[in-house]
1. If you build a Gaussian network model of the chain, linking Cα atoms that sit under 10 Å apart, which residue out of F126, F21, F95 swings the most?
2. Which residue, T75, T147, T38, has the most motion in a Gaussian network model of the chain that connects Cα atoms within less than 10 Å?
3. When a/c is below 1.5 the answer is rounded, else prolate if a/b is larger than b/c, else oblate, so apply that to segment 33-147 with a ≥ b ≥ c taken from the square roots of the Cα gyration tensor eigenvalues.
4. Where the centre of each part is set by its Cα atoms, how far does segment 61-110 sit from segment 14-30, in angstrom?
5. Testing the spin-label approximation: label points 7 Å from Cα along Cα→Cβ at L5 and E88. State their distance in nm.
6. In debye to the nearest 20, how big a dipole does the chain give about its Cα centre with +1 on each Lys and Arg Cβ and -1 on each Asp and Glu Cβ?
7. Among Y68, Y148, Y40, which one shows the biggest mean-square fluctuation in a GNM of the chain, springs joining Cα atoms closer than 10 Å?
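Please treat every number below as a calculation from the coordinates, not as lab data. Since the model is a prediction, treat every value here as computed from it, not as a measurement. Backbone-built Cβ (ideal geometry, glycine too); neighbour counts: all protein chains shown.
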Amino acid sequence: MRYVLIAIMFLLSLILPGTLFHFWAWAGIKPDLLMLLTIYIAVHHRSPSGVIWGLGAGLLEDLYLGRYIGMYTLTLAVVAFVSYWLAERWYRENFLLTTFLVFLVTAIGQILVAFLSLGAGLQWSFGDITRLVIGVSLYNAVLVPVTYPFIHRSFLHGYLRYRPRYER
């Protein structure tokens, strides 16, 4: 059942930014729902499975978007690793810390997307990059109170299974 839920969330994270969030965009800024889902999965699972999820989800997003194959593959793998690394150091099931973690890791991921886009030849100004990074990071952080309780309940069993005994 858990894998069906993950597949549904994955499909929704690909479809919703282009449909529903098209109407809820803030000055053209939309949330990166797949990055948000990758952060949640990396926080609730071990590092190798989170990074593998990031690689697979990023590759599928690259294929779905049809341009710059490898950009989101690398980005979501890095996001998964950083999310797991930060969660191991200071994740304590605190809503504010989770929101800050999502903001920080989304910012890192969006900065990586911006640099990879610049490397691919896109002509973005520093102001555009700053607006994109801060906007997407804030949007993802605002979505934490709406999305995280559902995700946390869904993965609680997996979280307890994969964390070391001293953290339980």
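1. F126
2. T147
3. On the way: a/c = 2.08, a/b = 1.32, b/c = 1.57.
Oblate shape, in that a/c is at least 1.5 and b/c is the bigger or equal ratio.
4. Measuring centre to centre over Cα atoms gives 19 Å.
5. A separation of 2.5 nm, rounded to one decimal place.
6. On the way: 12 positive and 7 negative charges, 111 e Å.
Computed about the Cα centre, the dipole is about 540 debye.
7. Maximum among the listed residues: Y68.
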